[in-house]
Amino acid sequence: MDTRVALISIIVEDIEAAEKINRLLHEYRQHIIGRMGLPYKPKKISVISVAVDAPMDAISALSGKLGAINGVSTKTIYSKM
């Protein structure tokens with residue numbers, strides 16, 4: 001199955017969403033290349049970047065599930081190949 005490299009950017013405005021986010025990332029762990037989380041205390045948010053190598057449907061599913069969590073916004077960019 002063909003895979004693509006993508007970067008999922010996540011903005012967390014509700015700290016209570018952290019458990020749901022981590023559960024989803026654990027569920028998709030086989031596709032995750034790496035992740036970086038940055039708490040931004042002045043705005044009381046967190047910024048998370050997740051690099052993945054996965055089939056398009058898995059990337060879309062993960063991004064969609066993350067974005068459906070209250071207090072969470074996502075944006076995904078894909079490699080051309």
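The values are calculated or read from the model by the stated rules, or taken from the named source; none is laboratory data. Predicted model only: the values in this text are computed from it and were never measured. Glycine also receives a Cβ, built like all others from the backbone with ideal geometry; neighbour counts cover every protein chain displayed. Heads up: the accessible areas ignore ligands, DNA and RNA and are worked out on the full protein's heavy atoms, side chains in. Shrake-Rupley method; radii C 1.70, N 1.55, O 1.52, S 1.80 Å.
For the reader, a short list of remarks on this structure follows.
- Residue satisfying all of: in segment 52-81; closer than 18 Å to Ala18 by Cα and more than 12 Å from the chain's Cα centre (by Cα); surrounded by the fewest Cβ atoms within 10 Å (Cβ to Cβ) among these: Asn70
Table: residues versus (1) modelled with pLDDT of 95 or more; (2) touching a Ser or Thr at 6+ places or on another chain (Cβ under 6 Å); (3) surrounded by fewer than 14 Cβ atoms within 10 Å (Cβ to Cβ); (4) not hydrophobic (A, V, I, L, M, F, W, C).
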{"site": "Thr3", "(1), (2), (3), (4)": "yes, no, no, yes"}
{"site": "Ile10", "(1), (2), (3), (4)": "yes, yes, no, no"}
{"site": "Ile15", "(1), (2), (3), (4)": "no, no, yes, no"}
{"site": "Leu38", "(1), (2), (3), (4)": "yes, no, yes, no"}
{"site": "Val47", "(1), (2), (3), (4)": "yes, no, no, no"}
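- Of all residues in segment 47-74, those that are under 14 Å from Gly34 (Cα atoms) have Cβ atoms under 6 Å from Cβ atoms of residues that are basic (Lys, Arg), 6 or more apart or on another chain, in Val50/Arg35.
- Screening Thr3 on (1) under 13 Å from the mean Cα position of the chain (by Cα); (2) within 19 Å of Met81 (Cβ to Cβ); (3) among the polar types (S, T, N, Q) shows it passes everything except condition (1).
- Pair list, Cβ under 9 Å, 6 or more apart: segment 1-16 residue among the hydrophobic types (A, V, I, L, M, F, W, C), other residue open to solvent by 60 Å² or more (accessible area, probe 1.4 Å) and part of a loop (DSSP other than H, G, I, E, B): Val5/Met81; Ile15/Lys44
- Candidates are the residues of segment 17-36 that are closer than 11 Å to Val5 by Cα and touching a residue at least 24 places away in the same chain (Cβ under 8 Å); the one that is most open to solvent (accessible area, probe 1.4 Å) is Ile33.
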